[in-house]
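To start, the structure itself, in structure tokens.
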Ligand code: NIG
Ligand code: FE
């Protein structure tokens, strides 16, 4: 097993030294970001072997990196993405500039249905190639763990195609990847007047085969007026649970309609989007273990309003941040930009956004015990920054890539 020592680290961020794992960070505690100045980090094989102040730095390793002036972070944990998709939707981008809304485009058969048509006509190999390139890019921006959803297939065959691509990405990229089945992303055109039949297809044809092949970890439903009702969502969540798939639910993007309550009732791992949330829903979340996951680059891109992050955190909730990388509402998988938006548009502090994008993101895909902090025995998924003056500089310098090297499972990925 080879060892890698990173020494003279200006700031080793998000350290985790207690006997019990640093758990999901809630409310006021999100302002606290443990870190060690002038530190070292020792990696053995694919794990973090040791870390601490430079005065305790070992003097030998197979490879040594001097990180003077640079910082080291655990990789970003992006707990919500749809990065297996075909092509793009730049024409809809232009339509929106010309005045059509995201919901209007969806109602006309564009949006998700547009992406589904493209994906159905794309081979598994081509899809894999496109998704692989996207992963290479986000890795260079510091992402080391990601959840990826299906949902642009909307037929048994095409949903399986996406989920198989996700499985192949696990071996090809080395990133920690969780797969979510989102057959209930939109009602396909051919089921427009027979919604119940599509829900039946999801539950009785797609789910059993996906579960039999072990292709998904979670189940998702787009619970929204333009997509699935609360009743349909409940039906699908219950069916997923029978196969051991925990729910992670798209809800409250445009309307408060009970999506949070039904998700909490079924012990969802996360509820995602939450551009609109009312007090009753906040109270409901406070009774649960469900993680509110905010995706600010979606409202940025479709020019909508941002989730009330302050209200959620000030109420004592844990918040996770993720990209939502997809062709319609967020054609970008860059976590640092999400962090900048969360600071600028949602008044979260730099410490809060880093907690939300590391440890809380890890818990929102059940990777909290192996990822999301610098802890002995955790996976060596870290990135080394360029020389930066402060932690706040990461969200401050929006658009820049301040990551110099990403290390996944102990393997260095140099910048090209
Ligand atoms: O999370 N809201 C639902 N699904 C995706 C976007 C879908 C699309 O427009 O392709 C989202 O924003
Ligand atoms: Fe999404």
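Which condition number does residue 303 fail, the rest of (1) modelled with pLDDT under 95; (2) within 16 Å of ligand 2 (Cβ to nearest atom) being met?
It is condition (2) that residue 303 fails.
Could you check the range 16-67 and list, in sequence order, the residues that are free of Cβ contacts under 8 Å to residues at least 40 places away in the same chain, outside any strand (DSSP E or B) and within 15 Å of residue 380 (Cα to Cα)?
Residues satisfying the conditions do not exist here.
Within the range 227-264, count every residue that is assigned to a helix (DSSP H, G or I) and either in contact with a helix residue (DSSP H, G or I) (Cβ under 7 Å, 6 or more places away or on another chain) or under 23 Å from residue 322 (Cβ atoms) (or both).
Final tally of qualifying residues: 16.
Looking at the range 112-124, I want the residues that are more than 12 Å from ligand 1 (Cβ to nearest atom) and have a partner that is at pLDDT 95 or above and in a loop (DSSP other than H, G, I, E, B) with Cβ atoms under 6 Å, at least 6 apart or on another chain. Which pairs are those?
Hits for this filter: 122/86.
Could we say that residue 221 is under 22 Å from residue 164 (Cα atoms) and within 14 Å of ligand 2 (Cβ to nearest atom) here?
Spelling it out, residue 221 is indeed under 22 Å from residue 164 (Cα atoms) and within 14 Å of ligand 2 (Cβ to nearest atom).
Under 6 Å between Cβ atoms, at least 6 apart or on separate chains: pull out the pairs that start in the range 289-301 with a residue that is outside the structural domain of residue 259 (by TED's automatic domain parsing) and end on any residue that is crowded, with 24+ Cβ neighbours inside 10 Å and assigned to a helix (DSSP H, G or I).
Listed pairs, sorted by first residue: none to list.
Look at the range 68-101 and say how many of its residues are surrounded by 13 or more Cβ atoms within 10 Å (Cβ to Cβ) and not in a loop (DSSP other than H, G, I, E, B).
Filtering the range 68-101 down to residues surrounded by 13 or more Cβ atoms within 10 Å (Cβ to Cβ) leaves 69-89, 92-93, 95-96, 100-101.
Still in the running and not in a loop (DSSP other than H, G, I, E, B): 70-74, 76-78, 92-93, 95-96.
Total satisfying the criteria: 12.
Which residues, taken from the range 313-328, are touching a strand residue (DSSP E or B) at 6+ places or on another chain (Cβ under 7 Å) and crowded, with 24+ Cβ neighbours inside 10 Å?
318, 319, 320, 321, 322, 323, 324 - these are the residues of the range 313-328 that are touching a strand residue (DSSP E or B) at 6+ places or on another chain (Cβ under 7 Å) and crowded, with 24+ Cβ neighbours inside 10 Å.
Suppose we filter 275, 352 for residues that are surrounded by fewer than 21 Cβ atoms within 10 Å (Cβ to Cβ) and either more than 16 Å from ligand 1 (Cβ to nearest atom) or on the phi < 0 side of the Ramachandran plot (or both); which single one remains?
Result of the check over 275, 352: 275.
The values are calculated or read from the model by the stated rules, or taken from the named source; none is laboratory data. None of these values were measured; they are calculated from a predicted model. Using ideal geometry, Cβ is built from the backbone for each residue, glycine included, and neighbour counts are taken over all protein chains shown.
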